[in-house]
1. Hey, fewest Cβ within 10 Å first, where do Thr138, Thr215 land in order?
2. To the nearest 20 debye, what is the magnitude of the charge dipole of segment 111-235 about its Cα centre, counting +1 on the Cβ of each Lys and Arg and -1 on the Cβ of each Asp and Glu?
3. Quick check: from the Cα gyration tensor, does segment 64-199 come out rounded (a/c under 1.5), prolate or oblate?
Amino acid sequence: MRRIALPLAPALASLREALFPPLCPGCGEETGVAGLCPTCWRETRFLDAHGCRYCSRPIIRAGAEDEALCDDCLRWPPLWQRGRAVFHYESVGRRLVLALKHGDRLDLVPMLGAWMLRAGRDLLHEADLIAPVPLHWTRRVKRRTNQAAELARFLAPRAGARHEPRLLLRGRRTSVQDGKNRAARAENVAGAFTSGPGARAIRGKRVILIDDVLTTGATLSECARLCLASGARAVDVLVLALVVREEFPYLSQKAEQECADGEQD
């Protein structure tokens, strides 16, 4: 049966492409090949390895690579050691994240996961454990999947690291973070996570936490704190997208200062 099927494979592939032509996941237009169309590719603001060591935000370099930090990470140092992001959370990048997160587009995992492999190759090379930021079970039922878990499952075997999907658990359902400033985000997730069964294997290990979006880092810092408390040697983070402050005014430093001034009055 296999001998009969093999000669037919090219014809079947051509028929499939004729009936179901590849569409660009960024705009929905026919591309002829899998992946982004040229226009969406140009509009996706990919990040490189020369940004902030904690979040990949582009910065003007001044000094040793390991000490290159953006203003936000200098002012609010996260609890993880190194961080990488693939692209800015805007335009096409934002649409890709939302399609994966809320649109059941698990077919995007291989493409997005491959980008994460490239962006975080130095982190993944040293990783012992790879774990996703967990969802509360009620939110997972609503979405039907945890996008961070799907990305972690893709990355772990290709990085040669152990996949620990239950390293952390989300014991308390939190309200959505959208619209909250830094202080409110940190308060919202404080105590929301607990160590899971997978934490028994964490002592002395280097852990990479996987998530879809890095905004202020409140969620990832809380997860990193738990990992370190459980005995992890170090924690790194790898995400798909980094939020662009200019598109979300409530996250700006001016808004943070106004909030702080209001609390002091």
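1. Ranking Thr138, Thr215 by Cβ neighbours within 10 Å, fewest first, gives Thr138, Thr215.
2. That gives segment 111-235 a dipole magnitude of about 360 debye.
3. Details: a/c = 1.21, a/b = 1.04, b/c = 1.16.
Rounded, because the longest to shortest axis ratio a/c is under 1.5.
Every read-out reported here was derived from the displayed coordinates using simple, explicitly stated rules and does not represent laboratory data. Keep in mind it's a predicted model, so treat the numbers as computed, not measured. Heads up, the Cβs are rebuilt from the backbone with ideal geometry, glycines too, and the neighbour counts pull from every protein chain shown.
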